[in-house]
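Chemist: Supplied in structure tokens, the structure appears directly below.
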Amino acid sequence: MVQEWWTDFINGFTRTGPITVPGYELVWLLVGAAALCVVPVLWRLFGRFVTIVHELGHAFAGLATGMRVTGITLRMDQGGTTLGMGRGRAVWFGFWGYPAPAVVGAALVWASSQGWGRAALSAAVVLLVLTFLFIRNVQGVFILLGAIIVVGAIVVAVPPDFQGQLTLGAGVALVLGAARDWWNLVSVHTSRRRELASSDAFILSRKTGVPAALWLFAFAVVISLSGAAAWLVLRVAA
């Protein structure tokens, strides 16, 4: 059985046929993605996956500019922290948290439309396993392990053609999840100011002197552009 699972996982890196999304499927896809981000019990689960992508956004941005990522913590309350050292661009590192899920979501939508949805899931398993090297708390271990089990089960147990549909839905959900997290961040700056110290926009404003409102706007621009790109791909695939 283990050999069969391994074979299915390796085969997951192959390309399938580009998918099409009829109008009725598009409606159900959007409803399902929205449910993951709106229904409280679903958001408590899916929101942790959004946090993983958020923190990996910081990590990859830091690595791209020469920083050394020293650790990632993930918490059950959907919070997280990524620590980096070195001469990299701290502002670039700090920026790519909230926009990351939207960018990744748009990329997943495009990959699925081109027949690479299954391969994207297999690549995600590899990336999540490698992320274990940077996890620095027990809650983070359990959260990451849960994500690996879910994505890995889809790769080895779900029919290949349907994997593309699931990847498409996950991409849309990540875009919506990024928007929800951004709105939550706005509420920190408006009605929950006691939590300001944890805000990426506040931290960036302290580092640069640029008002936090402009950083919030910049996050929103990237998230909106990613959402628009995903929608255009969906319209073409419909």
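Read-outs: derived from the displayed coordinates by stated rules, not from any lab. Just so it is clear, the model here is predicted, and its values are computed rather than measured. Don't worry about glycine lacking a Cβ; one is built from the backbone with ideal geometry, like all the others, and counts go over all protein chains shown.
Chemist: Is it the case that some residue within region 124-145 is of a type in the set (Ser, Thr, Tyr), under 28 Å from THR70 (Cβ atoms) and assigned to a helix (DSSP H, G or I)? Let's see the steps before the verdict.
Modeler: Taking region 124-145 and keeping what is of a type in the set (Ser, Thr, Tyr), we get 131.
Among the residues that remain, those that are also under 28 Å from THR70 (Cβ atoms) are: 131.
From the residues that got through so far, the ones that are assigned to a helix (DSSP H, G or I) too are 131.
For region 124-145, residues of a type in the set (Ser, Thr, Tyr), under 28 Å from THR70 (Cβ atoms) and assigned to a helix (DSSP H, G or I): present.
Chemist: For region 224-237, which positions are surrounded by 13 or more Cβ atoms within 10 Å (Cβ to Cβ) and either more than 12 Å from VAL109 (Cα to Cα) or in contact (Cβ under 8 Å) with a residue 24 or more places away in the chain (or both)? Steps first, please.
Modeler: Going through region 224-237, the residues surrounded by 13 or more Cβ atoms within 10 Å (Cβ to Cβ) turn out to be 224-227, 229-234, 237.
Correct list: SER224, LEU225, SER226, GLY227, ALA229, ALA230, VAL233, LEU234, ALA237.
Chemist: If ARG15 satisfies all but one of (1) in a helix (DSSP H, G or I); (2) out of contact with any Ser or Thr (no Cβ under 9 Å at 6 or more places or on another chain), what's the number of the condition it fails?
Modeler: (1)
Chemist: Let me ask another. Note down all Cβ pairs under 8 Å where the first residue falls in region 185-200 and is in contact (Cβ under 8 Å) with a residue 40 or more places away in the chain and over 15 Å from ALA213 (Cα atoms), the second is surrounded by 12 or more Cβ atoms within 10 Å (Cβ to Cβ) and of a type in the set (Asp, Glu), and they're at least six residues apart or on different chains.
Modeler: Short answer, once both residue conditions are applied: none.
Chemist: With at positive phi and out of contact with any Ser or Thr (no Cβ under 7 Å at 6 or more places or on another chain) as the only criterion, which of GLY115, GLY97, GLY169, GLY86 stands out? Talk me through it step by step, then tell me what you get.
Modeler: Details: GLY115 fails: out of contact with any Ser or Thr (no Cβ under 7 Å at 6 or more places or on another chain); GLY97 fails: at positive phi; GLY169 fails: at positive phi.
Checking each option against the conditions leaves just GLY86.
For every residue, the table says whether it meets (1) crowded, with 16+ Cβ neighbours inside 10 Å; (2) out of contact with any helix residue (DSSP H, G or I) (no Cβ under 6 Å at 6 or more places or on another chain).
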| residue | (1), (2) |
| --- | --- |
| GLU195 | no, no |
| SER198 | no, yes |
| ARG206 | no, yes |
| GLY209 | no, yes |
| ALA212 | yes, no |
| TRP215 | yes, no |
| ALA218 | yes, yes |
| VAL222 | yes, yes |
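Chemist: What are the pairs with Cβ atoms under 8 angstrom where one residue, in region 145-169, is closer than 19 Å to VAL129 by Cβ and the other, located anywhere, is surrounded by 14 or more Cβ atoms within 10 Å (Cβ to Cβ) and of a type in the set (S, T, N, Q)? Sequence gap at least six, or different chains.
Modeler: ILE154/GLN163; VAL155/SER122; VAL155/GLN163; GLN163/THR16; THR167/SER112
Chemist: Follow-up. Based on this model, can you work out whether VAL53 counts as within 16 Å of the chain's Cα centre (by Cα) and under 15 Å from LEU176 (Cβ atoms)?
Modeler: Yes, satisfied.
Chemist: Go through the residues of region 82-90 one by one and say whether even a single one is in contact (Cβ under 8 Å) with a residue 40 or more places away in the chain and within 29 Å of GLY164 (Cβ to Cβ).
Modeler: no
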